[in-house]
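**Student:** Handing you a structure now.
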Amino acid sequence: MYIRDDYPAIIDAKRRDLLRFLAAAQATAVELQQDLESDPSFRNQVVEASRKVTQTLQTPVDRAWELFFHSAAPTALLVSINAGWLSLINDTNASNGYTNQEITIDQIARSNSSDVDLVQRLMRVLTSAGLIRETQPHQYAPTPVSKLFDNPGWADGLRHSVRDFSMTMTSVPEYLAEHKYQTPTQDDGIYQHVHGIPFFERLKREEEVRRQFANFMDAMRTGEKPWYEMYPVAERLQVSSVSDVLLVDIGGSKGHDLLAFSQFRKKLGLQGKLVLQDRPAVLSQVPLSSHDIEIQAHDFFEAQPVIGAKAYFLKHILHDWMDRDCVSILGRVRDAMEVGYSRLLISERMVPGRECSPRIAAFDVLMMVVVGGRERTTSEWKGLIAAVEGLEIEKIWTFGNDNDSVIEAVRNF
């Protein structure tokens, strides 16, 4: 095969071009960072394009090592949070006695008499993952990601991930082999197989686990575009009297979403009552006594006590359950709905028909592993709603980072 004499020079020029293009892309991304944060759809396109470039540049062996060691970063991060090291790195200012914008490894270790060698080895993991910065040898500074974990909800989310997700995931291959590769059910799920107790039962029994999980659910709303900014609230959720129930948030946890909606609806001049429903153990943590929200203990497998509300809202509830349980939950809501008036609003992630993002694909498997639930495609949602006699989908709105969607259904008889 003939090779041109100038071939090495051509390849060398293309290599330099590649580095220049990547540097230019990095600079443009920094310049557009705030704009990209306000347009999650376009940002997702850019992230996906950059991910494909990275995967093209990596060899199969590179990808294999990445898979093998993916658990090192969350483990090192959780140790750093629990030991108080991350808070020191995030708070590198005069308030903690350090006047520089960085902290040394010796200062970190002295904070709780930790072994310097141990700290150094875990800091390597965090810097290599981009979670903190090493500004000079053995000197560290925070990043936006490290500061995110100053939020107790995200720290609790990491604890939940390591304890409940990672530990359970390691048993998936063995469990599926033993069960002839059948989809797990909530009655005999993988989480129960590993921990000896179903996940939701553990939440009921263990207050600390329940608190951490609720904090995590609240923190997940960080950066999330609210459903009510995409759904035409003013057009479709009008009530005629302040005594009418505008919206019932079923399984609404500590009410952060409903409280935000309360402020939003006031800007629109919408009247009507708001009702927050959840289990008593969750509602005991709700600090909403001074707001215009009625708090009501309710099990969504039981009859819905609020009859004829304008809207019944279920956010990230149904992905926790198998279809048969979802039909039961939705049937209870249907029975309370008024034909021609009430609307059922379901806020969930929509699995695309193809080219699913890594995060949505992982969410789906996690739901299966932890609670026997699932994320669903558009056709699966249509089939699920159709299985509830008397309900039909009127429209679906999709938006946001994870194909977040609002499914609107009505009662037709």
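**Student:** Cα centroids of the range 1-69 and the range 185-253: how far apart, whole angstrom?
**Tutor:** A separation of 38 Å, based on Cα centres.
**Student:** Taking 8 Å as the Cα distance limit and 6 or more residues as the minimum spacing, I'd like the relative contact order of the range 311-413 as a percentage.
**Tutor:** On the way: 171 pairs, mean separation 37.3, N = 103.
It comes to 36 percent, rounded to a whole number.
**Student:** Show me, bin by bin at 10 Å from 0, the whole-percent P(r) of the range 242-353 based on Cα pairs.
**Tutor:** Pairs per bin, as whole percents: 14, 47, 33, 7, 0.
**Student:** Additional query: Using a 7 Å offset from the Cα along the Cα-to-Cβ direction at both Ile10 and Cys356, what is the distance between the two label points in nm, to one decimal?
**Tutor:** Once both label points are built, they end up 4.3 nm from each other.
**Student:** For the chain, what is the relative contact order in percent, using Cα pairs closer than 8 Å and at least 6 residues apart in sequence? Spell out each step's value before the answer.
**Tutor:** Working: 548 pairs, mean separation 49.4, N = 413.
Here the relative contact order equals 12 percent.
**Student:** Where the convex hull is taken over the Cα atoms of the range 14-147, what is its projected area averaged over directions, in nm²?
**Tutor:** On the way: hull surface 41.9 nm².
Convex hull of Cα atoms, orientation-averaged projection: 10.5 nm².
**Student:** Hey, what D do you get for the range 308-413 in µm²/s if you plug the Kirkwood alpha-carbon radius into Stokes-Einstein at 25 °C and 0.890 mPa s? Please list the in-between numbers first.
**Tutor:** On the way: Rh = 14.0 Å.
This corresponds to a translational diffusion coefficient of 176 µm²/s.
**Student:** I would also like to ask the following. Largest first and to the nearest Å, give the Cα extent of the range 101-171 along each principal axis.
**Tutor:** 39, 25, 22
**Student:** Follow-up. Quick one: length gained pulling Ile307 to Gln238 fully straight, 0.36 nm per residue minus the C-alpha distance?
**Tutor:** 23.2 nm
**Student:** Moving on. Give me the Kirkwood hydrodynamic radius of the range 106-218 in Å, from all C-alpha pairs, to one decimal place? If you can, show how the numbers build up before the last one.
**Tutor:** Details: mean 1/r = 0.0590 Å⁻¹.
Every distinct Cα pair counted, the radius reaches 16.9 Å.
**Student:** Evaluate the distance, in nm, between pseudo-label points positioned 7 Å from the Cα of Gln33 and of Val46 along their respective Cα→Cβ axes.
**Tutor:** Once both label points are built, they end up 1.1 nm from each other.
**Student:** Using a 7 Å offset from Cα along Cα-Cβ at Gln182, what residues in the range 314-329 end up with backbone N under 20 Å from the label point?
**Tutor:** Once the point is set 7 Å along Cα→Cβ of Gln182, 321-326 turn out to lie under 20 Å by backbone N, inside the range 314-329.
**Student:** Continuing with the same structure: Let me see the pair-distance distribution of the range 352-408: every alpha carbon pair, 5 Å bin width, integer percents in order.
**Tutor:** Pair shares across the bins are 4, 16, 24, 24, 20, 10, 2, 0.
**Student:** Charges at C-beta only: +1 for Lys and Arg, -1 for Asp and Glu. How large is the resulting dipole of the chain about its Cα centre, in Debye rounded to 20? Numbers along the way, then the final one.
**Tutor:** Working: 45 positive and 56 negative charges, 74 e Å.
With only Lys, Arg, Asp and Glu charged at Cβ, the dipole is about 360 debye.
**Student:** If amide hydrogens are placed 1.01 Å from N in the peptide plane, which non-local residues have theirs closer than 5 Å to the one on Glu392?
**Tutor:** Val410, Asn412
**Student:** Can you give the direction-averaged projected area of the convex hull of the alpha-carbon atoms in the chain, in nm²? Numbers along the way, then the final one.
**Tutor:** Details: hull surface 109.8 nm².
About 27.4 nm², averaged over all directions.
Here, each number is a calculation from the coordinates, and none is a lab measurement. Quantities reported herein were computed from a predicted structural model and do not represent experimental measurements. We place every Cβ from the backbone using ideal geometry, glycine too, and count neighbours over all the protein chains shown.
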